[in-house]
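Notes follow the structure.
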Amino acid sequence: QVQLVESGGGLVQPGGSLRLSCAANGINFGFYNMVWYRQAPGKQRELVASFTNVGRTNYADSVKGRFTISRDNAKRTVNLRMNSLKPEDTAVYYCFAGGLGREYWGQGTQDTVSS
């Protein structure tokens, strides 16, 4: 059974930091592109950061320089370090795995940036 389990969300003040983690079970992790998406209330889901199976990273313009994606193939985890958080970063963050013709989503974790 495939599971993507996110953790690390929560409430933080503007300027603060959060670290999200996604643990993947049931997939051959090293073959998958791993992506963090987010969806704010009333908005479409958007790509935040990606880390491909060949080591390439990509970031949305809105998070460049503030967010860092990393992955550990041995532990089958992908992480998102979020610094200098802004209220507009408030959203549900989803972990996504794509590869070998398959796609999987995590259940999402709520991040709220508010004073």
Keeping all protein chains in position, work out how much accessible area residue 103 exposes to a 1.4 Å probe, and write it in Å² to the nearest 10. 130 Å²
Just to confirm a number: summing +1 for Lys and Arg and -1 for Asp and Glu over residues other than residue 12 whose beta-carbon lies under 10 angstrom from that of residue 12, what do you get? -2
Over the chain, what is the relative contact order in whole percent, taking alpha-carbon pairs under 8 Å and six or more residues apart? 36 percent
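Stretch residue 46-residue 13 to full length: gain in nm at 0.36 nm per residue minus the Cα-Cα span?
On the way: separation 33, 0.36 × 33 = 11.88 nm, distance 2.23 nm.
Extra length from residue 46 to residue 13 when fully extended: 9.6 nm.
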Return the aspartates and glutamates within reach of residue 86: Cα separation strictly under 18 angstrom, same-chain partners fewer than 8 residues apart disregarded; answer none if there are no such residues. 46, 61, 111
Find out how many positive minus negative residues lie around residue 51, taking Lys and Arg as positive, Asp and Glu as negative, among other residues whose Cβ is under 11 Å from that of residue 51. +1
Just to be sure I understand the model, the point goes 7 Å from the Cα along the line to the Cβ. What's the resulting residue 107 to residue 60 distance in nm? 2.3 nm
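Counting Lys +1, Arg +1, Asp -1, Glu -1, what net charge surrounds residue 115 among other residues with beta carbon under 15 Å of its beta carbon?
Numbers: positive: 86; negative: 88, 89, 111.
Cβ neighbours under 15 Å give a net charge of -2.
Counting only trypsin sites (Lys or Arg not before Pro) that sit in a DSSP loop (anything but H, G, I, E, B) with at most 16 other Cβ atoms within 10 Å, what is the longest stretch of the chain containing none of them? Kindly include the intermediate steps, with their values, before the conclusion.
Working: sites that count: 43, 45, 56, 64, 66, 75.
So the longest stretch without any such site is 1-42.
The values are calculated or read from the model by the stated rules, or taken from the named source; none is laboratory data. These numbers come from a predicted model, not from an experiment. So basically every Cβ, Gly included, is an ideal-geometry build from the backbone, and we count neighbours across all protein chains shown. Surface areas here come from the heavy atoms of the whole protein model, side chains and all, with no ligands, DNA or RNA. Shrake-Rupley method; radii C 1.70, N 1.55, O 1.52, S 1.80 Å.
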